[in-house]
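In what follows, a structure is listed as structure tokens, so that the remarks can point back to it.
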Amino acid sequence: MVLDNVSVRLKGYCLQVEYEGTPYPLSLIPSGFFPGEQLCVCSYPKCKYFKMHSEERREVIISPHSARIEPWRVPIDYERVVVAGIFYQKWYRYSRGLKTEQLYNSCTDLNSLIGLIRRHRPPINLLTAIIYCNKVSSNEWIYDILGEALSIALSLVVDSDTLSRSMVTYTPRHKEDMKEDRFKRIQFNQAELLAISLARRLGLKVVDLVEKMEPSRRSPKDRAERYLRALNLYKLRPEAPNLIRGLNVIFVDDVRTTGATSTYISTLLRDAEAQRVYVAVAGRSVLDEDYNRFYEIERESCSVVS
Ligand SMILES: [Zn+2]
């Protein structure tokens, strides 16, 4: 850890950050959701596509804007998605009075961030707040905590032999759409910083395997558009096949929403003969209709409300 007064630890399936001797709930690792039930390979508890994802290993890409009558299905070539915790993307809708700007301004240090989220009701898990920070800051403490949390989650799901024969890569950004650090005014890619932090903890190498051919101009409307965009935007670097043949790849991103990009990139990596691909993300974003249910489960099992 960068800060010697911070550590991340696992208690049951709950991750905690210990800061200056006090434990703060970070998140529930989703594999702890609904004990006794199988978690979908997409890491979405109670996934409505469970059979398709886990057994047929197909992702359904349906677009209301397309003329396709049949749902469009694409292969799932990753082993599974491994996530450190739950990312409540719509927090602001539920958290009266809290402005995004206020949160971003508290991303300077862990103390400010903890202070902010403890003052707000309803409370939210610390992981969500740190993931918001990772979009505007390249500060090392952020990636320290996220990388540590993700390495704990990976070690729960992937055996050490598989991990030891793995390399780490990440969602690339184009040089024209890098994130800007609002404190240091430098450009960065949050997925790359997370990959570096994770790899260091696992004793693995980070290798640039994927490139993004042009900047993303606007947010895609839906899954189909995201997937179609990925087809046009990402390709493997020419040297990638030689580097990955016969090895496992851990593909890192900060948040998983539809999974279109990682699904497509996993296929590229497997086509180039990577042995196994794991998608590793700091936060699994939950759908609106599931928000309250997940929130309650996490509150009860990990005392998110302190
Ligand atoms: Zn699923």
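All of the numbers you see were taken from the coordinates with simple rules; none came from a lab. All figures in this text were calculated on a predicted structure; none of them were measured in a lab. Glycine gets a Cβ as well: all are built from the backbone with ideal geometry, and neighbour counts include every protein chain shown.
What is the sum of charges, Lys and Arg at +1 and Asp and Glu at -1, for the other residues whose Cβ falls under 12 Å from the Cβ of Met52?
Every neighbour counted, the sum reads +2.
For the chain, what is the percent of antiparallel DSSP beta bridges, rounded to the nearest 5?
50
Among the lysines, which fall within straight-line cross-link reach of Lys46, defined as a Cα-Cα distance under 30 Å, with same-chain neighbours fewer than 8 residues apart omitted?
Within reach: Lys11, Lys90, Lys135, Lys221.
For the range 130-249, what are the per-bin percents of Cα-Cα distances with bins 10 Å wide, up to the bin holding the maximum?
Final binned percentages: 13, 35, 38, 14, 0.
Please identify the longest segment of the chain free of exposed GluC sites (Glu not before Pro), where exposed means a DSSP state other than H, G, I, E or B and no more than 14 other Cβ atoms within 10 Å.
That gives 38-238 as the longest site-free run.
Within the chain, what's the longest run with no chymotrypsin sites (Phe, Trp or Tyr not before Pro) in a DSSP loop and at most 16 other beta-carbon atoms within 10 Å? Give the range, please.
Segment 50-182 is the longest.
How big is D for the range 6-302, in µm² s⁻¹ as a whole number, if Stokes-Einstein is applied with the Kirkwood radius of its Cα pairs at 20 °C and 1.002 mPa s?
Once the numbers are plugged in, D ends up at 109 µm²/s.
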